[in-house]
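Trainee: What follows is a single structure, and I will ask about it in a moment.
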Amino acid sequence: MSIPVSKNEIVTAEIVGLTHEGEGVGRVNGFTLFVRGALPGERVQAKVLKVKKQYGYAKMLEILEASPDRVSPPCEIFNQCGGCQLQHMSYEAQLRWKRQHVVDNLQRIGKLQIAGGEEQSGVIVHDTLGMHDPWRYRNKAQVPVGMSGSSWGQTHPKGARKEERGTADVGELIAGFYAQGSHRIIDMESCLIQDERNDEVVRLVKQIGRRLGITAYDEQSGRGLLRHVVARTGYISGEMMIVLVTNGQRIPQVEQWIESIRAELPAVTSIVQNVNKKNTNVIFGDETRVLWGNEVIYDELDGIRFAISARSFYQVNPQQTVALYRKAVEYAGLTGNENVIDAYCGIGTISLFLARQAGHVYGVEIVPEAIEDAKQNAELNQIDNTTFEAGPAEVVIPRWKQEGNKPDVIVVDPPRKGCDSELLETILAMQPERVVYVSCNPSTLARDLRVLEDGGYRTVEVQPVDMFPWTVHVESVALLVRKFVGGTV
Ligand code: SAH
C-alpha cells in the first residue's frame, strides 16, 4: 500500500483510539497517525511530522470536532510537562478508558474472553475504582534540580549567545520537571497532583540552596552537587522526609541546611543524603546516610503503621492504596488458617494486610532495606505470623517449595516488567488454590495470566484501581483460582 500522507502535509484525521502513552490514534485514508493531545471521537487538523512505513506522527493544529470528554486542563504547564498525560480528558472518561485498556490487553495479549454484553462467561472486568477528589494525591515528590539560564536549565532567553550559557555558575538553582521527552529542567512551584506539603518542602529546599549558593548537578559535565530533592509525606502521620541526592559526599554548610529546614518545616522528622555519582537516569545511588532525625518516617494504612525508609518502595497514592490492598485481601478469600506467600512484598504492606486474616504470611522482596522495614513493621503492629526474606522471588520461592512450604494463596505485585517466568513455573508447581495478581502494567499482567491459565488457573475477575489520576498509568488486581479444586491438575 502506498503511504497516503507526506511530511509537513496538513491533513484531517479521525481519532479512533488512545495509545497507552495517551496519544490520539488517528486515521487518514486508512493510515495511522499518532497525534498528541487528540482524543478518541475527535476530528482534528494536524501537520505530519514524521512518516514511517506503518504509521506516522502529527502535530495537532486545530480541533474540528471535539469529543464530549474533552475538558480544559487545569494545570498551566500541562502541555510542557511529561508528568500527566490526560488532563484534557474528563475524569469519568479516564476511568472508562483505563478499564477498556485492561480489557484490550487481556483480549489481545492474554487471549482471554471477557464477560459483558451478551457474553455471560469469561473474565469479569469491573469498572475502575476512582477517587472522589482526584487531585493532590501524591505522597512523594522526586524533583530534578538544575540551574536557570544554563544549557541544562530553563529555556534560553531568545537571542542569548552561546558563550553566555553553559557554565555551572550561571543563574540560580531551579527545581521542577523535565520538559516532555527531554532532560531540560523547567522550574515549578506547584504541582496539582502533589500533596501541598511536598510542594512546600521543594520550594523551601530550593530557597535554602539558593541562599547557600549550592550548585546543581549538570548531566553533561558531571559537575555540580545537587541532583534531586525527594520529599515524602506520611498521609496520616504528617511526618516528612527530605532526601538530598548529591553528586558527592560533602554538602557545604550542611549544618545550615539542617538548621533552616528544621526551623521552617517542623513536620520534617528525617533528613537524609543519598550519594549518586553515576552518569545515569536512576535517581538514587547506593549510599544513603541520615543527616538529621530518623532513618524512616511512619505512616498508616487502614490502621496498620508502616516505617518507610528513603529507598523503599511505598505506593504514592495512600487513599487508593487502601482500596487496592483491601481488594487484594478480599480476593485472597482468607478464613484465618491459610498459608500465604506475598511475592514482591516491598516493606510488607500487603503482607501485613493479609496477616490480619491469615494463618501465616511469607513475604519476599529483592531490596534488603525494604525487608528490614517489613520486619520492623510486623513488630511495630505486633503482628507475629509473618516471615520475611530478602532475595529475588524467582530464587527464594523455589527454595521455599523445596523446603516444603505449601501455600494456599500466592499474592504477587511485581514491577512493570511482570513476573519472572521461573516464578510463574514455581507457582504452577506449588498449586495454590488462589493467585492474586496486583499489577501496574496491563500488558505484562495479560502475558502472565496467559501462562497461569495454560497451567491450570482460571482468571475470575479483575478490578482496575485508579492509583494515578490524570496519568496513563493503570493499576489492577486480578483473582485466579485453580481449575480443578481438590483434583490433580
Ligand atoms: N507489594 C509492595 C511492593 C510492590 S512494588 C507494595 O505494594 O508496597 C514491586 C516490588 O518488587 C519493589 O519493592 C521491588 O523492589 C521488588 N522487586 C523487583 N524485582 C524483584 C524480584 N525479582 N524479586 C523480588 N522482589 C522484586
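Trainee: Could you please let me know if Asp413 is open to solvent by less than 10 Å² (accessible area, probe 1.4 Å) and within 15 Å of the ligand (Cβ to nearest atom)?
Mentor: Against the criterion (open to solvent by less than 10 Å² (accessible area, probe 1.4 Å) and within 15 Å of the ligand (Cβ to nearest atom)), Asp413 does not qualify.
Trainee: Next up: Pairs needed: first member in segment 246-257, in the same structural domain as Gly146 (by TED's automatic domain parsing) and more than 14 Å from Lys206 (Cα to Cα); second member anywhere, open to solvent by 80 Å² or more (accessible area, probe 1.4 Å) and assigned to a loop (DSSP other than H, G, I, E, B); C-beta distance under 6 Å; at least 6 residues apart or different chains.
Mentor: That search, which allows pairs on different chains as well, returns Asn247/Lys277.
Trainee: List pairs: first residue in segment 284-304 and touching a residue at least 60 places away in the same chain (Cβ under 8 Å), second residue in a strand (DSSP E or B) and open to solvent by 40 Å² or more (accessible area, probe 1.4 Å) anywhere in the structure, Cβ distance under 7 angstrom, at least six positions apart or on different chains.
Mentor: Tyr298/Arg305
Trainee: Starting from residues that are farther than 28 Å from Val5 by Cβ and open to solvent by 60 Å² or more (accessible area, probe 1.4 Å), keep the ones in segment 58-80 and report whichever is modelled with the lowest pLDDT.
Mentor: Glu76
Trainee: Sticking with this one: Could you pull out the residue among Glu475, Glu453 that is among the acidic types (Asp, Glu) and surrounded by fewer than 24 Cβ atoms within 10 Å (Cβ to Cβ)? It would help to see each step written out before you state the result.
Mentor: Values: Glu475 fails: surrounded by fewer than 24 Cβ atoms within 10 Å (Cβ to Cβ).
Matching residue, one of Glu475, Glu453: Glu453.
Trainee: Of all residues being closer than 16 Å to Tyr217 by Cβ and out of contact with any helix residue (DSSP H, G or I) (no Cβ under 9 Å at 6 or more places or on another chain) in segment 240-261, which is surrounded by the most Cβ atoms within 10 Å (Cβ to Cβ)? Just the residue, please.
Mentor: It comes out as Val245.
Trainee: Note down all Cβ pairs under 7 Å where the first residue falls in segment 386-399 and is assigned by TED's automatic domain parsing to the domain that holds Ala343 and in contact (Cβ under 8 Å) with a residue 40 or more places away in the chain, the second is charged (D, E, K, R) and more than 8 Å from the ligand (Cβ to nearest atom), and they're at least six residues apart or on different chains.
Mentor: So the pair list comes out as Phe388/Lys375.
Trainee: Also, I was wondering about something else. Only one of these conditions is not met by Asp384: (1) within 16 Å of the ligand (Cβ to nearest atom); (2) in a loop (DSSP other than H, G, I, E, B). Which number is it?
Mentor: Evaluating Asp384 over (1) within 16 Å of the ligand (Cβ to nearest atom); (2) in a loop (DSSP other than H, G, I, E, B) leaves (1) as the failure.
Trainee: Name every residue in segment 184-214 that is over 24 Å from Asn281 (Cβ atoms) and among the polar types (S, T, N, Q), in order of residue number.
Mentor: Answer for segment 184-214, where residues must be over 24 Å from Asn281 (Cβ atoms) and among the polar types (S, T, N, Q): Ser190, Gln207.
Trainee: Let me ask something else. Pairs please, first residue from segment 350-368 and more than 12 Å from Gly333 (Cα to Cα) and polar (S, T, N, Q), second anywhere and within 13 Å of the ligand (Cβ to nearest atom) and outside any strand (DSSP E or B), Cβ atoms under 7 Å, 6+ apart in sequence or on different chains.
Mentor: Close Cβ pairs (under 7 Å, with a partner that is within 13 Å of the ligand (Cβ to nearest atom) and outside any strand (DSSP E or B)) amount to Ser351/Cys345; Ser351/Ala374.
Trainee: Hey, another quick one. Quick test for you: out of Lys111, Lys50, pick the one residue that is modelled with pLDDT of 95 or more, outside the structural domain of Tyr457 (by TED's automatic domain parsing), exposed (fewer than 14 other Cβ atoms within 10 Å of the Cβ) and in contact with a helix residue (DSSP H, G or I) (Cβ under 7 Å, 6 or more places away or on another chain). Before the answer, list the steps.
Mentor: On the way: Lys50 fails: in contact with a helix residue (DSSP H, G or I) (Cβ under 7 Å, 6 or more places away or on another chain).
Step by step, each of Lys111, Lys50 is checked, and only Lys111 is modelled with pLDDT of 95 or more, outside the structural domain of Tyr457 (by TED's automatic domain parsing), exposed (fewer than 14 other Cβ atoms within 10 Å of the Cβ) and in contact with a helix residue (DSSP H, G or I) (Cβ under 7 Å, 6 or more places away or on another chain).
Trainee: Okay, moving on. Given the criteria surrounded by fewer than 17 Cβ atoms within 10 Å (Cβ to Cβ) and touching a Pro at 6+ places or on another chain (Cβ under 7 Å), does Asn105 qualify?
Mentor: For Asn105, the condition - surrounded by fewer than 17 Cβ atoms within 10 Å (Cβ to Cβ) and touching a Pro at 6+ places or on another chain (Cβ under 7 Å) - is not met.
Trainee: If you check Ser270 against the conditions, is it among the small types (Gly, Ala, Ser), within 16 Å of the ligand (Cβ to nearest atom) and under 29 Å from Phe468 (Cβ atoms)? Before you say what the answer is, go through the steps one by one.
Mentor: Details: among the small types (Gly, Ala, Ser): yes; within 16 Å of the ligand (Cβ to nearest atom): no; under 29 Å from Phe468 (Cβ atoms): yes.
Spelling it out, it is not the case that Ser270 is among the small types (Gly, Ala, Ser), within 16 Å of the ligand (Cβ to nearest atom) and under 29 Å from Phe468 (Cβ atoms).
Trainee: Condition first: within 23 Å of the chain's Cα centre (by Cα), away from the ligand (no atom under 12 Å from the Cβ) and open to solvent by 10 Å² or more (accessible area, probe 1.4 Å). Now tell me which residues in segment 331-361 satisfy that.
Mentor: none
Trainee: Does Ile297 fit the bill of being closer than 30 Å to Val436 by Cα, hydrophobic (A, V, I, L, M, F, W, C), open to solvent by less than 70 Å² (accessible area, probe 1.4 Å) and in a strand (DSSP E or B)? Give the derivation first.
Mentor: Values: closer than 30 Å to Val436 by Cα: yes; hydrophobic (A, V, I, L, M, F, W, C): yes; open to solvent by less than 70 Å² (accessible area, probe 1.4 Å): yes; in a strand (DSSP E or B): yes.
The answer is yes for Ile297.
Trainee: Pick from Gly391, Gly404: which is surrounded by fewer than 22 Cβ atoms within 10 Å (Cβ to Cβ), more than 13 Å from the ligand (Cβ to nearest atom) and farther than 16 Å from Phe353 by Cβ?
Mentor: Numbers: Gly391 fails: more than 13 Å from the ligand (Cβ to nearest atom).
Exactly one residue qualifies, and that residue is Gly404.
Trainee: OK, next. Quickly run through segment 196-216 and pick out the residues that are part of a loop (DSSP other than H, G, I, E, B) and without any contact (Cβ under 8 Å) to a residue 40 or more places away in the chain.
Mentor: Of everything in segment 196-216, just one residue is part of a loop (DSSP other than H, G, I, E, B) and without any contact (Cβ under 8 Å) to a residue 40 or more places away in the chain, namely Gly213.
Trainee: Taking Ser182, is it part of a loop (DSSP other than H, G, I, E, B), at pLDDT 95 or above and small (Gly, Ala, Ser)? Even if it seems obvious, please write down each step before you answer.
Mentor: Details: part of a loop (DSSP other than H, G, I, E, B): yes; at pLDDT 95 or above: no; small (Gly, Ala, Ser): yes.
In short, no.
The values are calculated or read from the model by the stated rules, or taken from the named source; none is laboratory data. Since we're looking at a predicted model, the values are computed, not measured. Every residue, glycine as well, gets a Cβ built from its backbone with ideal geometry; the counts of neighbours run over all protein chains shown. When the accessible area is computed, the model is the full protein with side chains, heavy atoms only, and any ligands, DNA or RNA have been set aside. Shrake-Rupley method; radii C 1.70, N 1.55, O 1.52, S 1.80 Å.
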